[in-house]
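Undergrad: The structure's right below; bear with me while I get my questions together.
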């Protein structure tokens, strides 16, 4: 089906509803539309037009929301760059994406991080002339609106296309599960360059729902909003959930009864957290989603939170989940996903690789099973994925960097449990004479800080299977 | 996008939620699925299979809901026959639709109404063997699931295709406007062979929401449910709204605070009704929809009910509305509609006629305008449509019958306001010597009772314009 240009249509349908509230101000949908349209016209004066691709490197604040909507009013593809990446990583993605322009907020513009790349800052754009254009009122389902890079088993980042149809069907499947009321407001403390944050902005404009936006996670502020009833939903990971619960506990308080949805992604939530959250009146909905599915594929409802502990729940209404090679309940295999929310593929150097099987299933690389009632349980995240403070880290990517060091002959990386971050990466090396310090300094040059191993172990051999494949789960056992 | 076979998917996603409550019993989605699947397998034993077309002539009760879902589990097209039509009218539609089979409920089977047509009764089907089949799990958007006949300017009934995409997008656009909560339940006292009733059944299975079904409108029962809080939404027309309001007034009662949506179709609601409904705590949402748009295109929210009195509201999120030939606010012209809820066309003898303009707009035939804020006002229903007790009556269809009488030389039909029915049809005739009685008896043979003129006026001439076209609005003035 054709999809209306979100903000353009929303501003027509319900102009006076509250759209966005943050530190810098608040906007109705009409105001958001007018402000974004102005920026869109300024972007257009740099000859950016429908179908072009721009990259965005910025902090997750209200101004960035305006620039995102401006880009979509122009029907431009936005490549969301993770501001925690190193210059090397950013350059790689910018080159791979072949963008027309890199838009950066003014704080980013003042750092030397993108020395080699030509950037346009927010304030440069805002000083430009406005050049009028005709808004594309209806989007084809398969029009790409956003691109996010994610690494996989190979360690090579792939630019995942997220289309108008992906985002729209994801938001619609979610509303059928979570419901919607006049007073809904979603608290966003997730980065907008992650699907967890961006999907909130998109739900907001599709639903006519308010977003309350914070640039960074702030447990005290989250607890205050949740107990005051100014918000009705929030997206977190287990780590940040725990921090919010602590604040609510310390204040001897409770979530306001209108707070309805605490959506927890990034892996299962420990029973202890669930019990404490329940004490605080927080309705927990554990979810399983990824960049390739533009947010949630399955979500465990609050009524099942304890009964189905550890489950990621049922598929949402438009989605299908099956386990590769089996129809048997509780038999573990690769999780396959089908639905209108699944990416059609990648851009750039990986554009010839399809993430889909011949009959249209996304092979996630995650291992899991379905129980007798059809609830999904994830047994092992794909490619030994390490989830650290909500960021996905792929061991292969770190291993590739380590192997590029002259002294390193073999490298293996796995996750180690960590009280603060949930998990952190640890590296095992077979190498010539070299210090841990030198390796870490080398990593810091080439990897975002959260990807730098927290520990280096020098070993004589790495566990490999018969076909000489690295068995990372054996590394993990040896910790 | 591909759409999951509704009930099949809903029973997987939320099997234990309440689906249907009525006089004959109540069903969860799992129970509804199992009961419907059994009937589907019995239908399949008559060699009915995916892609076939069956007609359904029945009363609007729970058993009929099961037969509708059974047909859709089989991925069969259902032609919904209006049980108030005459044998002539039914035969015409059944022939035009070229159905494999006519399914009738047992009460219909006992009447002589379909003497010339071979029918299969519910009980015959329920005594058949079950023949297993593989459920089509995903539907193409453009798969036709229902057909409803509607007459237009020519008076020839056209079988309107309603696809999986039409119904699904309609339900989704509606939920973004009306919201959704865990405890939602929609009271259905509309016939299921009308889009107003059928769309409730469809929303129910897409949302995972309960339907409370009554075979016939019952003001007392409606008022009881609304004041008790057992339902949160209901669909009515102005006539039935008034009757419910009277009962609530007489009981000195109020709608329960959880009752959120009184959706009023079939023309504007008088200010007096709105004021009285407000007194009763009934949130009125006036809507503009038709068979060709699988329910609502525009809906006026409760906050605007008085401020925008007489308006049909704003387009829903996936829809576009414009006035033919003008971009000026308040300029009257034909209402054009675009959106994924608009029918792709007709079946049978009219299948070569497209209801759409070259660039994909549905020409409604209705005259209206948009005000400065984009609110739609309908000035005149298409083809001088007569709406009598919620039924659409097309003057041309009655005129065609009248003109077939040997004594009638010219005929013109228009609406007359009526306290009980809203409107009733009145006929103007130029004829040879013939009695009103004879004409009415003749009409009763060929037209459903509600279409038979309530009054015949014999005249010397009919008002015609320069090109000799009948000006029905002039007839109306002469009443």
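The values are calculated or read from the model by the stated rules, or taken from the named source; none is laboratory data. Remember, predicted model here, so these are calculated numbers, not experimental data. A quick note on method: Cβ atoms are made from the backbone with ideal geometry, for glycine too, and the neighbour counts reach across all protein chains shown.
Undergrad: I'm trying to understand the selection: among the residues of the range B:341-361, which are closer than 27 Å to residue B:98 by Cβ and within 14 Å of another protein chain (Cβ to nearest Cβ)?
TA: Taking the range B:341-361 and keeping what is closer than 27 Å to residue B:98 by Cβ, we get B:341-356.
The answer is B:341, B:342, B:343, B:344, B:356.
Undergrad: Only residues that are within 14 Å of chain A (Cβ to nearest Cβ) and in contact with a helix residue (DSSP H, G or I) (Cβ under 8 Å, 6 or more places away or on another chain): list them for the range B:20-56, please. First the steps, then the outcome.
TA: The initial filter retains those residues of the range B:20-56 that are within 14 Å of chain A (Cβ to nearest Cβ), namely B:28-30, B:33.
Scanning the range B:20-56 gives B:29, B:30, B:33.
Undergrad: Residue by residue through the range B:154-172, note down the ones that are closer than 11 Å to residue B:295 by Cβ and within 10 Å of chain A (Cβ to nearest Cβ).
TA: B:166, B:169, B:171
Undergrad: Quick check: is even one residue across the range A:210-226 under 27 Å from residue A:24 (Cβ atoms), within 14 Å of chain B (Cβ to nearest Cβ) and either surrounded by fewer than 24 Cβ atoms within 10 Å (Cβ to Cβ) or modelled with pLDDT under 95 (or both)?
TA: So far as the range A:210-226 goes, no, none of its residues is under 27 Å from residue A:24 (Cβ atoms), within 14 Å of chain B (Cβ to nearest Cβ) and either surrounded by fewer than 24 Cβ atoms within 10 Å (Cβ to Cβ) or modelled with pLDDT under 95 (or both).
Undergrad: Oh, and also: Could you list, in sequence order, all residues of the range A:74-90 that are in contact with a strand residue (DSSP E or B) (Cβ under 6 Å, 6 or more places away or on another chain), over 15 Å from residue A:192 (Cβ atoms) and in contact (Cβ under 8 Å) with a residue 60 or more places away in the chain?
TA: A:77
Undergrad: Also: Residue B:322 is checked against (1) within 13 Å of chain A (Cβ to nearest Cβ); (2) in a strand (DSSP E or B); (3) touching a residue at least 60 places away in the same chain (Cβ under 8 Å) and fails just one. What number does that condition carry?
TA: (3)
Undergrad: Still on this structure: When residues of the range B:251-277 are filtered for being over 25 Å from residue B:424 (Cα atoms), free of Cβ contacts under 8 Å to residues at least 40 places away in the same chain and in contact with a helix residue (DSSP H, G or I) (Cβ under 9 Å, 6 or more places away or on another chain), how many remain?
TA: 6
Undergrad: Just give me the residues in the range A:122-149 being surrounded by fewer than 18 Cβ atoms within 10 Å (Cβ to Cβ), under 27 Å from residue A:96 (Cα atoms) and away from every other protein chain (no Cβ under 14 Å), in sequence order.
TA: Across the range A:122-149, the qualifying residues are A:123, A:124.
Undergrad: Suppose we keep only residues that are outside any strand (DSSP E or B) and within 13 Å of chain A (Cβ to nearest Cβ) within the range B:295-307. Which one would you say is farthest from the chain's Cα centre (by Cα)? So that I can check it myself, show each step before the final result.
TA: Taking the range B:295-307 and keeping what is outside any strand (DSSP E or B), we get B:301-307.
Filter again for within 13 Å of chain A (Cβ to nearest Cβ), leaving B:301-304, B:307.
Details: B:301: 21, B:302: 22, B:303: 26, B:304: 25, B:307: 28 Å.
Among them, the one singled out is B:307.
Undergrad: Quick check on the range A:213-230. Is at least one of its residues more than 30 Å from residue A:15 (Cβ to Cβ), assigned to a helix (DSSP H, G or I) and under 16 Å from the mean Cα position of the chain (by Cα)?
TA: Taking the range A:213-230 first, the residues more than 30 Å from residue A:15 (Cβ to Cβ) are A:216-220, A:223, A:227.
In the following step, the residues that additionally are assigned to a helix (DSSP H, G or I) were identified as A:219-220, A:223, A:227.
From the residues that got through so far, the ones that are under 16 Å from the mean Cα position of the chain (by Cα) too are none.
Scanning the range A:213-230, I find no residue that is more than 30 Å from residue A:15 (Cβ to Cβ), assigned to a helix (DSSP H, G or I) and under 16 Å from the mean Cα position of the chain (by Cα), so the answer is no.
Undergrad: Looking at residue B:338 and the list (1) out of contact with any helix residue (DSSP H, G or I) (no Cβ under 9 Å at 6 or more places or on another chain); (2) in the same structural domain as residue B:201 (by TED's automatic domain parsing), which single condition is not satisfied?
TA: It fails just one condition, (2).
The rows are residues; the columns are (1) within 14 Å of another protein chain (Cβ to nearest Cβ); (2) part of a helix (DSSP H, G or I); (3) within 19 Å of the chain's Cα centre (by Cα).
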| position | (1), (2), (3) |
| --- | --- |
| A:186 | no, no, yes |
| A:192 | no, no, yes |
| A:197 | no, yes, yes |
| A:200 | no, yes, yes |
| A:264 | no, no, yes |
| A:272 | no, yes, no |
| A:277 | no, yes, no |
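Undergrad: Considering (1) closer than 30 Å to residue B:181 by Cβ; (2) modelled with pLDDT under 90; (3) not assigned by TED's automatic domain parsing to the domain that holds residue A:187, say which one residue A:273 fails and leave the rest.
TA: Going through (1) closer than 30 Å to residue B:181 by Cβ; (2) modelled with pLDDT under 90; (3) not assigned by TED's automatic domain parsing to the domain that holds residue A:187 one by one, residue A:273 breaks only (3).
Undergrad: Now a separate question. Of all the residues that make up the range B:1-17, how many are more than 7 Å from every other protein chain (Cβ to nearest Cβ) and touching a strand residue (DSSP E or B) at 6+ places or on another chain (Cβ under 7 Å)?
TA: Counting residues in the range B:1-17 that are more than 7 Å from every other protein chain (Cβ to nearest Cβ) and touching a strand residue (DSSP E or B) at 6+ places or on another chain (Cβ under 7 Å) gives 5.
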